[in-house]
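The values are calculated or read from the model by the stated rules, or taken from the named source; none is laboratory data. Just so you know, these numbers come straight off a predicted model, no measurement behind them. Here the Cβ positions follow ideal geometry from the backbone for every residue, glycine too, while neighbour counts run over all protein chains shown. These area figures cover heavy atoms from the full protein model, side chains too; ligands, DNA and RNA do not enter into them. Shrake-Rupley method; radii C 1.70, N 1.55, O 1.52, S 1.80 Å.
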Amino acid sequence: MNKTILILKQEYLKRVKKKSFIILTLLVPFLFAGMFALIIFLSVKDDKQERTIAVYDESTLFLGELEQEGYTRYHFIPKEEYDRLKTNLKTSSFYALLYIPEDVYTNNAAQLISEKQVPLELEEQISRKLSRFIENDKRQKIIAETGISDLDDRLAATRTSVRLNTLKVSETGQARKSSSEVAFIASYAMGFIIYFFVFMYGAMVMRSVMEEKKNRIVEVIISSVKPFQLMSGKIIGTALVGLTQVAIWVVIGLIALLAVQSFFSPEVSQQMGQSLMESRQGMGPAIAQPAGEQQLTEMMELIGNLNLPLIFFSFVFYFLAGYLMYSSLLGAVGAAVDNDEDSQQMVFPITFPLILSIMLLFPIARNPEGPVAFWGSIIPFTSPVAMLARVPYGVPVWELLLSMFLLVLATWGSIWAAAKIYRTGLLMYGKKVTLKELIKWLRYKN
Amino acid sequence: MELFSARNVSKVFSSTKALTNVSISVKEQSIFGLLGPNGAGKTTLIRIINQITAPDEGELFLENRKITRTDVAQIGYLPEERGLYKKMKVGEQAIYLAQLKGLSKKDALRNLKHWFEKFEMTGWWNKKVEELSKGMQQKVQFVTTVVHKPKLLIFDEPFSGFDPINANLLKREILQLREDGATIIFSTHNMGSVEELCDHIALINKSVKIEDGPTDEIRQKYKSNIFEIKYKGDFGLVDKALGSRFKVLEHTENEKANQVKVQYLDEGSNNELLQAIIPAAEILAFEEIIPGMNDVFIKAVQESNNKNV
């Protein structure tokens, strides 16, 4: 046991002290934060660009009606200038040319001509301006025809959006609000986290085993410790490296997020508020600000209503069991082969169920109770990802217990088989390992 | 006194026999040569002693009690195929390997300091292994093998990779280790070093032990009644005097002394040969030729192969 800890410590320190680990661990969150900051910075900056759009209004409906919005101005021009500009837009001071045809009222179409790709936002702005104007005009006509002066208010009152509050009845008869959206996000996020972690650090275990075998140091090591101690020290040490990395990322991520937020705060929140307002305006007046706030609190409530202790517990459980199972198998592959090409061939059948389980996420989200979800979350090799994806939706207790039981069995079996392959494979050189060979190794006594 | 013994050890890998009923007994403070052609089963036996693999049958004893897992701390092993962690610093690695053998960090540091000073390697402590030459790496590996002061040392081809100067240094160290109380199992194909170092040998061929005994006795056993005689006189007379009981293998003549190599064709005493030759010439020197380990090895293995055919 002492020696396992010694190996664990050595594995852990070796990796954590590596320059590449430190650089990667520190750099990744800054890269993300930097990218995030850059995107915000650019989008804020981009909007400050002053643009003047030349408008040729054939319909004459809009003359003088298009007002400056943000940094975009509208300048009306006669037909002769429009014809001239059409071919000479580049040399003019106009950013783009807006042509409103005569039949815009019936056809609902206009043209925006420009040299450069027009930002989506600007496109939406113009389209919204034109639509709103025509809409308004039509409304006024109806008011005039019908004589209903509070038409707007009446129409607004007809708009309805039914929020579906799903209530889930637990066995104790308690009804709780649930949302499949929140469950969906939680389910996907956890499935992916487990997938990446198992893949990345499982591969790390494998490479470390291969390196020891290639270096030939392994014979010295296993004359001091049992192969099983070596393997477990390596696997646990590597897991701790991963946890360290994740912990550092979480801390840096939080700090960076706070920093970015406070740095950009006034502009960003203004910006976001503005765009939110705009999109709401587009949807119509019915969903106004108070509704948004309500949604937010509701969202919080829904997250709170997920069975968080159960999710946390199953995350830790499936994560540990899944990682142990896959990393021990990958470690065995590392021991069985002595070159990279062979390892790739043998890694695929092992990682295939893992990749498959990621592909199961979508069918599971569509029907968390369906046969795909059921079998995916029961069969041990896909269950770490699949069952975790189901947990936020709620899983019958017996299924959860069965899945955990089978996973523990499979993990135990994998470790047993891996240990056998490991101890035989470590000292086997220059032999191409086949499946038949591996099965033979499993039968070896010690 | 016996320090280590293997009794009736057998090991089969799928269908190939690696060891068949092999027993060896190693005396305390002796150097035991484990010899045999490639693929004979030496490495398997060594791995069994190191508890890397378990025997199918048979038992191992260290200091007259059955060997246990914790006994690996009493064994130092230098495998034929060596290696160290390339990216790890020499000192750090040496401490780690010593700790794996059960030494505390403090003891490891103290013992390593002694060895690093002795081998003039103190300057390498903070270097990465990959920065060292191959010979230097071998020295580091040797030190990590002996650092925990094991009672039983197992060297598999220890001299490979060393230049003659360092090989000599190593030879001296091995003898010194024995002086200091260590018992050594030594496996090599270098028969010269076997003659020089080994007190006792066992020869394994095709999984079976075919010879076992003190080195001198084994060499005696394989002598083939060949004598070298230096004399003054005429070769023709000597040849005639030797008659049909003796066969002249080779003879050289020069001004100072003639020399002849003679083999008994049947059993006889040395005196009979002398008596036959004394009337014919003046004898200057008379010596029985004891075969070198090289000859012993070849002869023993060939005989054993012929027997099996």
- Message: Please report Rg (one decimal) and Dmax (integer) in Å for the Cα set of the protein assembly as shown.
- Response: 42.9, 159
- Helix B:134-146 versus the longest principal axis of chain B: what is the Cα-based angle in degrees, 0 to 90, to the nearest 10? 80 degrees
- Rounded to 0.05, the calculated FRET efficiency for the beta carbons of A:Glu369 and A:Ser161 at R₀ = 30 Å is 0.60
- Task: First measure r as the distance between the Cβ atoms of A:Met359 and B:Glu2, then evaluate 1/(1 + (r/R0)^6) with R0 = 56 Å and state the FRET efficiency to the nearest 0.05.
- Result: 0.30
- Quickly work out the A:Glu181-to-A:Phe405 label distance, labels modelled 7 Å from Cα along the C-beta direction, and quote it in nm with one decimal. 3.9 nm
- What lysines sit close enough to A:Lys436 to cross-link, taking a C-alpha to C-alpha distance under 18 Å and skipping anything fewer than 8 places away on the same chain? A:Lys420, A:Lys445
- Query: If you take the square roots of the eigenvalues of the alpha-carbon gyration tensor of region B:36-94 and sort them as a ≥ b ≥ c, do you get rounded (a/c under 1.5), prolate (a/b over b/c) or oblate?
  - Reply: oblate
- Query: Once you average over the residues of B:93-99, how many Cβ atoms of partner chains fall within 10 Å of each Cβ?
  - Reply: 3
- Ranked highest first by the average count of other Cβ atoms within 10 Å around their residues, in what order do A:312-318, A:142-148 fall? A:312-318, A:142-148
- Message: Report the per residue volume, in Å³, of the convex hull enclosing the C-alpha atoms of region B:199-309.
- Response: 122 Å³
- Highest-first arrangement of A:337-349, B:14-26, where packing means the average Cβ count within 10 Å: B:14-26, A:337-349
- Amide N proximity, region A:228-256 versus A:Met200 label position 7 Å along Cα-to-Cβ, cut-off under 20 Å: A:234-256
- Could you work out the equivalent-ellipsoid semi-axes for region A:1-124, taking the square root of 5 times each eigenvalue of the Cα gyration tensor, largest first, in whole Å? 60, 14, 12
- Message: Using a 7 Å offset from the Cα along the Cα-to-Cβ direction at both B:Ile283 and A:Glu135, what is the distance between the two label points in nm, to one decimal?
- Response: 13.0 nm
- Task: Starting from the residue with the highest accessible area, list B:Ile49, B:Ile226 in decreasing order, probe 1.4 Å.
- Result: B:Ile226, B:Ile49
- Take every Cα-Cα distance within region B:2-220, group them into 10 Å bins from 0 onward, and report for each bin the whole-number percent of pairs it holds. 8, 33, 36, 19, 4, 0
- May I ask for the equivalent-ellipsoid semi-axes of region B:152-266, computed as the square root of five times each C-alpha gyration tensor eigenvalue and listed largest first in whole Å? 40, 19, 12
- If all Cα-Cα distances of region A:51-155 are sorted into 5 Å bins from 0 onward, what percent lands in each bin, rounded to whole numbers? 2, 11, 22, 21, 17, 11, 7, 5, 3, 1, 0
- By how many degrees, 0 to 90 and rounded to 10, does the Cα axis of helix B:105-118 deviate from the longest principal axis of chain B? 40 degrees
- Message: For region A:328-376, take N as its residue count and report Rg(C-alpha) divided by 2.2 N^0.38 Å.
- Response: 1.56
- Message: At R0 = 51 Å, how high is the FRET efficiency between A:Glu50 and A:Thr146 if r is their beta carbon distance? Nearest 0.05 is fine.
- Response: 0.75
- So B:His114 and B:Lys87, fully extended at 0.36 nm per residue minus their Cα-Cα distance, gain in nm 7.3 nm
- Message: Give me the one-decimal nm value for the distance between modelled label points at B:Lys66 and A:Thr106, 7 Å along each residue's Cα-to-Cβ direction.
- Response: 10.5 nm
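Give me the mean projected area, in nm² to one decimal, of the convex hull enclosing the Cα positions of region B:224-288.
Details: hull surface 14.9 nm².
Across all orientations, region B:224-288 yields a mean hull projection of 3.7 nm².
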- What value, in deg cm²/dmol to 500, does the helix sum -39500 (n - 2.57) over DSSP H runs of n ≥ 4 give at 222 nm once divided by the residues of the protein assembly as shown? -18500 deg cm²/dmol
- Top of B:Asp71, B:Asp56, B:Asp266 by mean-square fluctuation, Gaussian network on chain B, Cα under 10 Å: B:Asp266
